[in-house]
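See below for the structure under consideration.
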Amino acid sequence: MAIGLGRMLGFSFPKNFDNPYTSRSVTEFWKRWHISLTSWFRQYLYIPMGGNRKGRFRTYLNLLTVWLITGLWHGASWNFVLWGLYYFVLIAIERLFLGKLLKRSYVLSRIYTMIAVISGWVIFAVEDISHVLVYLSRMFTLHYSDDYRENLITIIILFVAGTVFSTPAFSPWFRRNKNRAVGIIVLFIIFWASVTMLVDSAYNPFLYFRF
C-alpha cells in the first residue's frame, strides 16, 4: 500500500516484503520480511556492536541484544520480549547447525519455517502472555472441537487468495498483464472486494495500531 501510494504521488520506495512465506529458514524469512526494519537494525545496531567480527560469543551476544531491542521496539510488554528471545534462539540454532540441515530438504525446510513463523505470530499477537501455551496447544494437539469449521468456511476465499498471493505465482502474470484490460479488471475486483470486506467487517484495527 505504501509503495502504491508513493508511486501515485511520484515517489519510489524500495520493496519492504519479498515473498517471506516462501522462505526455507527463519533467517531467510527475516531477510524477506519488513526489510527496512531489519536492515536498519543491522546497519545501525548489529554492525556497530561488532556484528560477527569479534568471535562467536560476541556474535551471539550481539544477536541477543538486537532481538531483545527489536521486541521492545514493538512494545513495552513481556510478550514482545519473549517474541524477541524466541527468534534469537531459532536464528542462533540455525547458525550453529540447523541451517545446513535445512538446505538438504526443500519440503521439510518450508514446513519448519512455516510452523516456526506462525508460532512466533502467536507470541507476538497475544496480549496476555499466559495465553501463549493455550493457543499453541490448540494448534498442535488433538482436541475434541469443531468450532474451527465455521471460521474456516467464513474465510475460505481469503485463505485461498492469501495462499496464492503470498507466493511469487501471481507476479509473472501480473507483470505481463498489468497494463492490459484483463489485468486492470482483476486489480479492480481485488480492490473492490477488499473495500467491501473492510466495510462489512467488525471493528478490527490494524495490528500495529496499538504501537
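The values are calculated or read from the model by the stated rules, or taken from the named source; none is laboratory data. Since the model is a prediction, treat every value here as computed from it, not as a measurement. Note that we place each Cβ from the backbone using ideal geometry, even for glycine, and neighbour counts take in every protein chain shown.
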Quiz item: Yes or no: ARG95 touching a residue at least 40 places away in the same chain (Cβ under 8 Å), in the same structural domain as GLU127 (by TED's automatic domain parsing) and over 16 Å from the mean Cα position of the chain (by Cα)?
Solution: yes
Self-check item: Identity of the residue in region 64-92, more than 18 Å from the chain's Cα centre (by Cα) and small (Gly, Ala, Ser), that ends up surrounded by the fewest Cβ atoms within 10 Å (Cβ to Cβ)
Solution: ALA76
Quiz item: Would region 23-38 turn up any residue that is more than 27 Å from MET114 (Cβ to Cβ), surrounded by 14 or more Cβ atoms within 10 Å (Cβ to Cβ) and assigned by TED's automatic domain parsing to the domain that holds ILE115?
Solution: no
Quiz item: Taking VAL122, is it among the β-branched types (Val, Ile, Thr), within 15 Å of the chain's Cα centre (by Cα), in the same structural domain as LEU82 (by TED's automatic domain parsing) and within 30 Å of ALA76 (Cβ to Cβ)?
Solution: yes
Quiz item: Inside region 42-88, can you point out the residues that are of a type in the set (Gly, Ala, Ser) and assigned to a helix (DSSP H, G or I)?
Solution: GLY71, GLY84
Exercise. Please go through region 144-184 and pick out each residue that is part of a loop (DSSP other than H, G, I, E, B) and over 27 Å from the mean Cα position of the chain (by Cα).
Key: TYR144, SER145, ASP146, ASN179, ARG180
